[in-house]
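A short write-up of the structure that comes next.
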Amino acid sequence: MKRRDPEPARKGRKIPARPRPDALIDPKLLQELIDIFQTTGVADLEVERQGLRVRLRKEDATGALSVREVAVPVHDQVRSLQSAEVAPSFPSVEGLLTVTSPIVGIFYRSASPETEAYVEEGAYVRKGQVLCIVEAMKLMNEIESEIDGRVIKILQENAKPVEYGEPLFLIEPAAPEA
C-alpha cells in the first residue's frame with residue numbers, strides 16, 4: 001500500500017469569511033458599519049435593523065469618550081478675566097454671514113490636492129459659487145455661497161473633520177467687489 005503525501009499547507013491563501021449559522025450579524029455588514037463610522041468622524045453611531053441594534057462609540061486611550069464640545073458653568077470672576085485678557089482671533093461676527101456645515105464629514109478647500117482652493121480669505125464670492133467640499137460617506141458635497149460678498153475668515157483646516165452646524169466661513173455681505 002502506497003502512502004500519500006499530505007496536502008501542501010494553504011498558507012497565504014485567504015478564505016473568505018462566512019457568517020456562522022448562529023451569528024447575529026453578517027461580518028460584511030458589520031465591517032461596512034465600522035468603515036462608515038471611521039470615515040464620518042462621529043463619536044457615537046447607533047443603527048437598528050430588523051430588531052438587531054449595533055452601537056459604535058469612539059473612546060480615547062484613557063477609556064473616556066471623546067467629545068468635541070462640553071458646556072461647563074463658569075464663575076463670574078473667571079468670565080471677567082477672560083473678557084479682559086483674551087482678544088478675539090477673528091473679526092467681530094456682527095453683520096457677517098456664517099456659512100456652516102450642513103452635514104458631518106471631512107472639510108476640503110479644493111477638489112483635489114493638486115488643484116487650487118476654491119476661495120481664499122479676502123476673495124469676493126458670488127451667490128452660488130462653490131466655497132468648499134464636505135465629504136460624507138464617499139460623497140462629495142459642494143458647499144455654495146448663499147450671498148455675494150467677501151470671505152473674511154476661513155474657520156476650518158483643510159482635510160479635517162467637521163460636525164453638523166459647525167462654522168466654515170465668515171462672509172461680509174455688503175463688501176464691494178475689488
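The table for this structure:
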read-out: Estimated vicinal HN-Hα couplings, Hz - region 130-137 in sequence order (Karplus 6.51, -1.76, 1.60; Gly, Pro = x); value: 6, 9, 6, 10, 10, 8, 9, 6
read-out: Karplus-derived 3J(HN,Hα), 6.51/-1.76/1.60, for each residue of region 109-121, Hz, glycine and proline x; value: 7, 9, 6, 8, x, 7, 9, 6, 5, 4, 9, 10, 4
read-out: Kirkwood hydrodynamic radius (C-alpha pairs) into Stokes-Einstein, region 100-176, 25 °C and 0.890 mPa s, D in µm²/s; value: 197
read-out: For residue 141, residues with placed amide H under 5 Å, excluding near neighbours; value: 134, 135, 136
read-out: Mean-position separation - Cα centroids, region 111-137 and region 144-178, in angstrom; value: 9
read-out: Per DSSP, loop GluC sites (Glu not before Pro) in region 118-148 with at most 16 further Cβ within 10 Å; value: 120, 121, 146
read-out: Per-residue ³J(HN,Hα) for region 29-39, Karplus 6.51 cos²θ - 1.76 cosθ + 1.60, θ = phi - 60°, Hz, x for Gly and Pro; value: 5, 4, 5, 4, 4, 5, 4, 4, 4, 6, 7
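Coordinate-derived values only; no laboratory data. Owing to the predicted nature of the structure, the values given are computational and were not obtained by experimental measurement. Don't worry about glycine lacking a Cβ; one is built from the backbone with ideal geometry, like all the others, and counts go over all protein chains shown.
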